[in-house]
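Taking it in order: structure first as structure tokens, then the write-up.
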Amino acid sequence: MTTGSRPLRLAMWSGPRNVSTAFMRSWENRPDTIVVDEPFYAHYLQVTGLEHPGRDEVIAQHETDWQRVVERLLGPLPPGVEVFYQKQMSHHLLPHMGREWLDAVTHAFLIRDPAPMLVSLGEKLGDFALEATGLPQQVEIFEHVLRTTGRVPPVVDAADLLAAPEPVLRALCAALGIPFSERMLSWPPGRRATDGVWARYWYERVERSTGFEAAEPASVPKLDGRMADLEARCRPLYDRLHAHRLRP
């Protein structure tokens, strides 16, 4: 789903641990694209009071006013930029934040099976609520886009992306009305100036990467206790989006 205008301002809505940073690397490697990394994160941490790794540093070094962030997302871009890729964590879109600006950008969604996602997120955060998975917010944004445009926005499943990067990326580019670039398939290792200051806590693995890594094993981790309860609540939300995933 594209707005029909250029440059393309692409809000890619993901939850945590969804290979979203590798996906940002893929897009940043395009010669016509600039990226922004989780622009609402500092506001999210300041308002929620959550103790994420590097919290104070994130708040000190990134914009905490969500309205100013929106101004930047919609503001002027450098000459020659055809795509402004916005790596958005859906749970950062808190209830009090306005939704009007959503209609000024193009939306797509990156999802991952809840079981491995919950295991990975638990390793970073320990205990967390359903909202921290981003799935309720992804569905809210998806329904908003569907309601306001009458069109189903593109949905990419991380498992499909890892299993067949080129076909999935080609399908996504076609859905967005832009040409595919071979440069999306690989990138140099290391940190980027565009990475948030939280990179040192979250991006160790992706900093070593030079492309999309092998697909996840078919077996799904067995969860119990609170994690099993969370998985049961995540599953219908994931299924709502998964039903519309791109199938190249």
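The values are calculated or read from the model by the stated rules, or taken from the named source; none is laboratory data. Only a predicted model underlies this, so the values are computations on that prediction, with no experimental measurement involved. Note: ideal-geometry Cβ built from the backbone for every residue, glycine included; neighbour counts use all protein chains shown.
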Output the qualifying pairs, or none if there are none: Cβ atoms under 9 angstrom, residues six or more apart or on different chains, first residue in the range 53-64 and polar (S, T, N, Q), second residue surrounded by fewer than 17 Cβ atoms within 10 Å (Cβ to Cβ) and in a helix (DSSP H, G or I).
Thr64/Gln46; Thr64/Val47
Qualifying residue in the range 131-147 (condition: part of a loop (DSSP other than H, G, I, E, B) and at negative phi)
no
For the range 158-180, enumerate the residues that are surrounded by fewer than 22 Cβ atoms within 10 Å (Cβ to Cβ), in contact with a strand residue (DSSP E or B) (Cβ under 7 Å, 6 or more places away or on another chain) and of a type outside the set (Val, Ile, Thr).
Asp160, Leu176
For the range 31-126, which fully contained helices (runs of 4 or more DSSP H) count at least 3 residues that are within 16 Å of the chain's Cα centre (by Cα) and at pLDDT below 95?
114-125
Pairs please, first residue from the range 163-178 and closer than 18 Å to Met24 by Cβ, second anywhere and of a type in the set (Asp, Glu), Cβ atoms under 6 Å, 6+ apart in sequence or on different chains.
Val168/Asp160
Based on what the data block shows, is Leu161 aliphatic (A, V, I, L, M) and at pLDDT 95 or above?
yes
Scanning the range 29-49 residue by residue, those without any contact (Cβ under 8 Å) to a residue 40 or more places away in the chain and either surrounded by fewer than 22 Cβ atoms within 10 Å (Cβ to Cβ) or in contact with a Lys or Arg (Cβ under 9 Å, 6 or more places away or on another chain) (or both) turn out to be Leu45, Gln46, Gly49
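In the set Ser90, Ser120, which member is closer than 23 Å to Asp195 by Cβ and out of contact with any strand residue (DSSP E or B) (no Cβ under 9 Å at 6 or more places or on another chain)? First the steps, then the outcome.
On the way: Ser90 fails: out of contact with any strand residue (DSSP E or B) (no Cβ under 9 Å at 6 or more places or on another chain).
Answer to the selection: Ser120.
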Cross-chain or 6+ apart pairs with Cβ under 6 Å, the range 127-151 first and farther than 17 Å from Ser20 by Cβ, then part of a loop (DSSP other than H, G, I, E, B)
Val145/Pro153; Arg151/Met1
